[in-house]
Amino acid sequence: MASQSSSSEKGKGKEKEKEKEEEEENEKSVEGVKEKVKKKGLGWMEWLRGWMYIIYEMLFQRISASHLQNPMPLPPINDLTCIVTGSTSGIGKEIARQLAESGAHIIMAVRNPKAANDLIKKWQEEWSGRGLPLNIEVMELDLLSLDSVVRFAEAWNARTGPLHVLINNAGIFSIGEPQKFSKDGNEEHMQVNHLAPALLSILLLPSLVRGSPSRIINVNSVMHYVGFVDTEDMNVVSGKRKYTSLVGYTSSKLAQVMFSSVLHKRLPAEAGISVVCVSPGIVQTNVVSF
Ligand SMILES: NC(=O)c1ccc[n+]([C@@H]2O[C@H](COP(=O)([O-])OP(=O)(O)OC[C@H]3O[C@@H](n4cnc5c(N)ncnc54)[C@H](OP(=O)(O)O)[C@@H]3O)[C@@H](O)[C@H]2O)c1
């Protein structure tokens, strides 16, 4: 009896070993298929189509926007509170000024508070006599530091007031510059253009819920069409793709579009927060640094 049970146990053991080997084989072949399916970059058709969108925007944006008033007239928006990142220059500066002139409470979220305070002084002087003083304030935010993002969000949420609009406008495109990393260890375009604004958006959700219906607006770019996001190589360091500043910028903008789409879908309808990405077209600003 004892020898019978030990031989049946041996048999069971062998079966288990065989099953395990088969499972391992299966896992290996699934991994193999995954490897084959995983894309290493843009296909030439997608690349060509992306560049056609970009060239179309370059050639025709003036014509397609020629019917719009500049600046666009805004209705009074005195009951709205808006955070605008990167509002010391370019597109963000105009957004902050025009929203403030329409009555909104504006928080300029900037890495250079002195520059923002100088702008506010100038805008108040230019505005004087045209209405109530502009309702603008400055808060420090450096998107190259995730700690700074957390500090900003904690300070803002501690006020327990509503936030109606978060405009993630700040961005960089360091043309021709070598690959650089933030102190958090992320490629700089990816951090400033996608990771830090994504973190900010998530951390500010409690305030956005209080301001509901509210909106997160990400200032994106048509250049996202030629971006490629490899979730296993967000920093473009594996050698699979060669890093250029164009790769850094376009990938970060595509990552932002992908994240926004997921966030928009995951937020429950009751939260009343919508997430959008906008492409401003080609605007003469400081965004391209050589
Ligand atoms: N201009 C275009 O043709 C164009 C086209 C498509 C998309 N966009 C997008 O539009 C957005 C605004 O760009 P823009 O053209 O107005 O360029 P810009 O004049 O260079 O403004 C960029 C703003 O981002 C801020 N910023 C940069 N790094 C930051 C950091 N680490 N932390 C906090 N703020 C930081 C800058 O602050 P400082 O003033 O301190 O440098 C500046 O205020 C960007 O997201 C850009 O990708 C622009």
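Give the stretch 135-152 a look and list any residue that's under 21 Å from LYS180 (Cβ atoms) and assigned to a helix (DSSP H, G or I), or say none. Answer for the stretch 135-152, where residues must be under 21 Å from LYS180 (Cβ atoms) and assigned to a helix (DSSP H, G or I): LEU146, ASP147, SER148, VAL149.
Exactly one of (1) part of a loop (DSSP other than H, G, I, E, B); (2) more than 16 Å from the ligand (Cβ to nearest atom); (3) in contact (Cβ under 8 Å) with a residue 40 or more places away in the chain; (4) at negative phi is unmet by ILE282. Its number? ILE282 satisfies every listed condition except (2).
Of all residues in the stretch 169-196, those that are within 18 Å of SER89 (Cβ to Cβ) have Cβ atoms under 6 Å from Cβ atoms of residues that are of a type in the set (Ser, Thr, Tyr) and assigned to a strand (DSSP E or B), 6 or more apart or on another chain, in ASN169/THR85; ALA170/THR85.
Which residue is nearest to the ligand (Cβ to nearest atom), if the candidates are limited to the stretch 65-92 and must be of a type in the set (A, V, I, L, M) and in a strand (DSSP E or B)? Looking at residues that are of a type in the set (A, V, I, L, M) and in a strand (DSSP E or B), I get VAL84. Among the residues of the stretch 140-162, those that are away from the ligand (no atom under 12 Å from the Cβ) and farther than 20 Å from GLY211 by Cβ comprise ASP147, VAL150, ARG151. Taking (1) surrounded by fewer than 21 Cβ atoms within 10 Å (Cβ to Cβ); (2) closer than 21 Å to HIS164 by Cα; (3) not basic (Lys, Arg) in turn, ILE273 satisfies each apart from (1). Inside the stretch 116-134, residues that are on the phi < 0 side of the Ramachandran plot, exposed (fewer than 13 other Cβ atoms within 10 Å of the Cβ) and not in a helix (DSSP H, G or I) make up a count of 4. Quick one: would you say GLU137 is more than 30 Å from THR244 (Cβ to Cβ) and away from the ligand (no atom under 11 Å from the Cβ)? Yes: the conditions hold for GLU137. Against the condition small (Gly, Ala, Ser) and in contact (Cβ under 8 Å) with a residue 40 or more places away in the chain, how does SER260 come out, does it pass? Spelling it out, SER260 is indeed small (Gly, Ala, Ser) and in contact (Cβ under 8 Å) with a residue 40 or more places away in the chain.
The single condition among (1) more than 13 Å from the ligand (Cβ to nearest atom); (2) in contact (Cβ under 8 Å) with a residue 60 or more places away in the chain; (3) more than 28 Å from PRO71 (Cα to Cα) that SER201 does not meet is (3).
If you check VAL165, VAL236, VAL226 for being in contact (Cβ under 8 Å) with a residue 24 or more places away in the chain, buried (at least 22 other Cβ atoms within 10 Å of the Cβ) and away from the ligand (no atom under 12 Å from the Cβ), only one passes: VAL226. Scanning the stretch 43-59 for residues that are surrounded by 11 or more Cβ atoms within 10 Å (Cβ to Cβ) and either aromatic (Phe, Trp, Tyr) or within 16 Å of SER279 (Cα to Cα) (or both) yields TRP47, GLY50, TRP51, MET52, TYR53, ILE54, ILE55, TYR56, GLU57, MET58. Annotation: of all residues in the stretch 74-87 being β-branched (Val, Ile, Thr) and crowded, with 23+ Cβ neighbours inside 10 Å, the one that is farthest from GLY281 (Cα to Cα) is ILE83.
Any read-out appearing in this document is the output of simple, stated calculations on the displayed coordinates, not a laboratory observation. Because the structure is predicted, anything quoted here is derived from the model rather than measured. Virtual Cβ from ideal backbone geometry, glycine too; neighbours counted across all protein chains shown.
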